[in-house]
Amino acid sequence: MPMNKIPPLLYGCFLALYSANCSAEGKILATPGVSQIEGSGGGGIVPWAQLAGYATEESISVSAACSRVTVKDFSLDSCAVQANLYDKIELSYAKQSFEVTPLKLNLKQNIIGAKINLFGDLVYSTMPQVSLGIQSKRLKTSDVAFSLGAKKDTGTDVYIAASKLHLGFINGYNWLWNVTARHTKSNQLGLLGFGGAHEKKKIQLEVSSAILLNRHLALGVEFRQKSDNLNLGEDHWKDIFIAWFPNKHLSVTLAYVDLGSIAAIDKQTGWYLSTMWYL
Amino acid sequence: MKKSIILLLLMSCFACSSPSGNIESHVESHIDSNSQAQTEPTLYQKMGEKPALDNIIDHLINIIGQDDVVFAHFAQSNVTRFQDQLTVFLCHLADGPCQYKGDSMEDIHQGMYINKNEFNHFVELFIEAMDAADISYPIQNLLLAQLAPLRKTIINM
Ligand code: HEM
C-alpha cells in the first residue's frame, strides 16, 4: 500500500491520535461509508452526507484510505486522510496520481476538502442527513490540461448531499440512498484542469444506492454526472460496488467501474479497489 | 446511465414486492393482532414471540452489566422492574399482544443526560443481545427500525 504518499505531518497526527486513544465507535458498523476518490467520506466516487469515520457529537475520529482504479488505458492511485470533528465537521486531504498508460504520462493533483453536517442523522432522524461540502483542488501537472484547452489548474467544487439509511426497508434489509448536487468546473476530477471552451451547465448530479446484505457487507451502485468542458466527450461515471466492513477499524471496497471516455479514448471500464483504516 | 437507473429501480421494486416483510403492517399497530395474524404475522410473531423476547432481554441485561460505557446509568436500577417494563414495551412496539402503560420515554430518561454516543452504544449492545438470542438479521433490522426513531425522546433529557 502506498502509505508513504500521505504527507509525514498528517501521518504523524494520525499516530499521535492513535496513541492518545481518541478512537470513537459511536455509529453502527458500515453506516459512515468509505472514502471517495477525492478524499471525502462517501461511496467510491460520490461524496455522501455522512461524515467519514465513527465519531459522534461527543468524539473525534481519524481515518485514512488508499485506492486504485485501473481501466483500459489509465490508472488512478489516490490516498487520503480524514478527520471527523464531533460528527459536525469533516476535514480531508487527498493526493491523486493519474497514469496515462499509452503516453507514459503522469498527472498529479492534491485536494483539500471540508464538509459540514447541516442537519439530520443518517440513521436516527426521519429527515435525511444533509451536508454541505467543498473540495479545493490543485493540479500539479498543468501542461496537459492547458494543451487540451482547460482554463485553470485550480478549482473548487461545492456540493450539497442528502443521505438516508432506512432500517429494514427492503424485506428486513437496510437500504441506503444518497443524492449529491455538485457545482464544479473540473475536467475528469480536475486531472485535466478546470473549465474550457465548452463549459455550460455547472451543477452535476450524483447518486448512490446500497443495500446491506448483512452487518459486514454492502452492495451498491453509483452514478456521477460529468460535464464535457473540453469537448473531449467526457462521460458520466458509474460503478457497482461491494464493500466489506470486518470491524470498525477497516473496510475494503471492490467496484467495477465504467468511466466512459477519458481524453477522447473511449470504453474505459475496469476495477476499483480501496482500503480504509479508521481510528 | 441506463444500467444504473435500472438497478436503482430494481432495488426499490424489491422493496415494494417483498413477500414477507410488509413494513406497513408494523406502522398500523392498532389493528387487532388476532385478525391480522391470519393475513400477515406481526413482527412479534416473526421474531419468535415471548420466548425470543425474554431471551433478548436476558442477554441485554447481562451485557449491560458488563459494559463500562452505559452501566453507570443502571448502577442504581431495579433490574426486575426494568426487565418487566422493557419486555412489555418491546412487545407492544413489535405489535405483540401487550399494552405498555408505563411512563413515556421522555419521563423515564429525564435527568439521565444520555448522550448520542451512549445511546448508539446501547443500540449496539441491543444488537449483541439479539445476536446472542439468534434473531435473524432482517428481523433485527425491523426491530431496530422501531427503536431508532425513539432516540430523540431519550437523549439529552
Ligand atoms: C431505544 C432505546 C431505549 C428504550 C426503548 C428504553 C426503554 C426503557 C424502559 C421501558 C424502561 C423502564 C422504565 C420503568 O422502570 O418504568 C427504561 C428504564 C431505564 N433506561 Fe431506558 N430505554 C432505552 C435506552 C436507554 C439508554 C440508551 C440508556 C442509558 C444509556 C437507558 C437507561 C435507562 C435507565 C438507567 C433506566 C432506569 C432503570 C431503573 O432504574 O428502573 N435507556 N428504559
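FYI, it's all coordinate maths here, none of it is from the lab. Since this is a predicted model, take the numbers as computed values, not measurements. Cβ atoms come from the backbone with ideal geometry, glycine included; neighbour counts cover every protein chain shown.
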Hey, among the residues in the stretch B:87-122 that are within 14 Å of chain A (Cβ to nearest Cβ) and near the ligand (Cβ under 7 Å from one of its atoms), which one's farthest from A:LEU217 (Cα to Cα)? B:MET105
First in the stretch B:140-152 and at the interface with chain A (Cβ under 7 Å from one of its Cβ atoms) and under 14 Å from A:HIS166 (Cβ atoms), second anywhere and of a type outside the set (Gly, Ala, Ser) and near the ligand (Cβ under 9 Å from one of its atoms), Cβ under 8 Å, 6 or more apart: B:LEU144/B:VAL123; B:LEU144/B:PHE126; B:ALA148/B:VAL123
Which number in (1) within 14 Å of chain B (Cβ to nearest Cβ); (2) touching a helix residue (DSSP H, G or I) at 6+ places or on another chain (Cβ under 6 Å) marks the one condition that A:LYS137 misses? (1)
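Matching residues to (1) under 29 Å from B:VAL123 (Cα atoms); (2) crowded, with 23+ Cβ neighbours inside 10 Å; (3) acidic (Asp, Glu); (4) touching a Ser or Thr at 6+ places or on another chain (Cβ under 9 Å):
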residue	(1), (2), (3), (4)
A:SER186	no, yes, no, yes
A:LYS201	no, no, no, yes
A:SER209	yes, no, no, yes
A:LYS238	no, yes, no, yes
A:PHE241	yes, no, no, yes
A:PHE245	yes, yes, no, yes
A:VAL252	yes, no, no, yes
A:GLY260	no, no, no, yes
A:ASP266	no, no, yes, no
The residue that is nearest to the other protein chains (Cβ to nearest Cβ), considering only those in the stretch A:219-244 that are free of Cβ contacts under 8 Å to residues at least 40 places away in the same chain and farther than 16 Å from A:GLN268 by Cβ, is A:VAL221
Filtering the stretch A:190-199 down to residues that are touching a strand residue (DSSP E or B) at 6+ places or on another chain (Cβ under 7 Å) and either surrounded by fewer than 22 Cβ atoms within 10 Å (Cβ to Cβ) or more than 14 Å from A:ASN231 (Cβ to Cβ) (or both) yields A:GLY190, A:LEU191, A:PHE194, A:GLY195
